[in-house]
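What follows is one structure encoded as structure tokens, with my remarks underneath.
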Amino acid sequence: MKHDDPPRSVLDEDEGDPRDDAPPRSALGKVKAGRTIMLFGLAAVAIAVTGVVGRSHDEERLARWTDKQAVPTVAVVAPARGSKTSELVLPGDVEAFYSAAIHGQTSGYVREWRKDIGAEARQGDVLAVIDTPELDQSIAVAESEVAKAKANLALAKVTAQRWDSLRASAAVSQQTADEKTADARARAAEVAAAQASLDRLKAQKTFANIVAPFDGVVTSRNVDVGSLVKGDSNDGAALFSVADIHRMRIYVRAPEAYAAALTSGMKATLQLPEYPDRVFEATVETTSRAIDRKSRSLLVELYADNEDGALTPGAFARVHFQIPPDPKALRLPANALLFRDNAIEVATLDPDNRVVLKTVRIARDLGSEVEIDGGLSAGDRVVANPPESLGDGEEVRVAGAGTGTPSSPAGQRGARRERPGDARQLAASERGRVE
């Protein structure tokens, strides 16, 4: 019988096989597996502890970030001292220095007219002649009445003289003599009345010649030969219109806000559509010194020389006024205003960067800027373009004040709040990083 293992001696048995003392292989595997599990457990615990601590730190960071972003970021501007020389452009009406609508003062028919529209007329020039047959007849009657009254007066005087002489001889009574004398005086009064009536008719006859009241230009003619003229009515159209255009008046209605700035002697310029490349000089002569209740405007009158006749009555003009600057005024961007509860406010900041709302008064609206004449001081820090939700006492962060955030321009949004989605996105990214 063949043995695979050689026989061992007694010595060998006494020494023993070293392999007999070694632990079995299955036991070693179990030990290694236990150690591995323990290491993985310790690693898991370490990871869990690290995750919990990191999550706690991230939540604290998120809370601090959220609180920080809840404070709006605003841009501030400082009020500018002194106003600018601004130009006020208003529509104006050009009118003649003198203008007269000439009506007929006596009834009749137009025999002829001598001046047409556009013709220059001197004072007293005859514009038209009116035939007055009815008036002529009335004058003839009045002359007869005057002659009759004078004849009666002569007879009354002679009679009074005769009765006075008879009274000296006591042939007549004193009463009768006094009556004759009084009758003579009455006849004299009748003569005066008849003469006055005749003079009135003759004066009315002089209006048969329609004359120019002053030097000027005939701007309208509404009669022709044979036209009926009624002297007792001025309801119809004027026979002629004459305008003195050697100097023109320009009337402008200025808003109430500029009433104090427009004073007598102020210079202005005119621009007319028919002369786009020409500028006319004008001077403020006076104002109405009263604000119209309907339009809340001041009527301003200007004078402009018109030697060449370029300016015409009834023309439209754009009147340019140069408003002088006010050294005491404060200027702000128009987007710094808040309109709340029928009041105009601005948001200013105190030393702790908390909002202080102030009510202001606007002196002039210059478009992109406004002039403030009350409620604000030059040293105030004003929030540019504040949000409507900004409240009094609210804490804000000034853009560019140590935060690395650039200041917002005056015309853009001056306050910025983080969107809610930004915080959610940051929290999600932090949780994903921990997991």
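The values are calculated or read from the model by the stated rules, or taken from the named source; none is laboratory data. Model, not experiment: these values are computed from the prediction. Ideal geometry is used to build each Cβ from the backbone, glycine not excepted, and the neighbour counts take in all protein chains shown.
Residue pairs whose Cβ atoms lie under 6 Å apart, sitting 6 or more positions apart in sequence or on different chains, and linking a residue in region 280-306 that is farther than 14 Å from Pro255 by Cβ to a partner that is outside any strand (DSSP E or B) and of a type outside the set (D, E, K, R), are Val284/Ser264; Val284/Met266; Thr286/Ser264.
Of all residues in region 226-243, which are of a type outside the set (Phe, Trp, Tyr) and buried (at least 20 other Cβ atoms within 10 Å of the Cβ)? Passing the criteria: Val229, Leu239, Ser241, Val242, Ala243. Among the residues of region 176-223, those that are farther than 13 Å from Leu239 by Cα and touching a strand residue (DSSP E or B) at 6+ places or on another chain (Cβ under 6 Å) comprise Pro213, Phe214, Gly216, Val217. What residue, among those in region 217-235 that are in a strand (DSSP E or B) and not aliphatic (A, V, I, L, M), is farthest from the chain's Cα centre (by Cα)? That would be Arg221. One residue is enough: does region 194-215 have a residue meeting the conditions assigned by TED's automatic domain parsing to the domain that holds Pro133, in a helix (DSSP H, G or I), of a type in the set (D, E, K, R) and under 30 Å from Ile117 (Cβ atoms)? The answer is yes, given that some residue of region 194-215 is assigned by TED's automatic domain parsing to the domain that holds Pro133, in a helix (DSSP H, G or I), of a type in the set (D, E, K, R) and under 30 Å from Ile117 (Cβ atoms). Residues in region 263-273 that are in a loop (DSSP other than H, G, I, E, B), touching a residue at least 40 places away in the same chain (Cβ under 8 Å) and surrounded by 10 or more Cβ atoms within 10 Å (Cβ to Cβ): Met266 only.
Considering region 321-388, the qualifying strands (runs of 3 or more DSSP E), each wholly inside and each with 2 or more residues that are among the aliphatic types (A, V, I, L, M), surrounded by 18 or more Cβ atoms within 10 Å (Cβ to Cβ) and in contact (Cβ under 8 Å) with a residue 40 or more places away in the chain, run over 330-333, 343-349, 381-383.
Between Ala317, Ala304, Ala310, the distinction of being surrounded by 12 or more Cβ atoms within 10 Å (Cβ to Cβ), part of a loop (DSSP other than H, G, I, E, B) and modelled with pLDDT of 90 or more belongs to Ala310 only. Cβ-Cβ distances below 8 Å connect the following pairs, each with a first residue in region 222-241 that is among the acidic types (Asp, Glu), a second residue that is part of a loop (DSSP other than H, G, I, E, B), and a separation of six or more residues or different chains: Asp232/Ser107.
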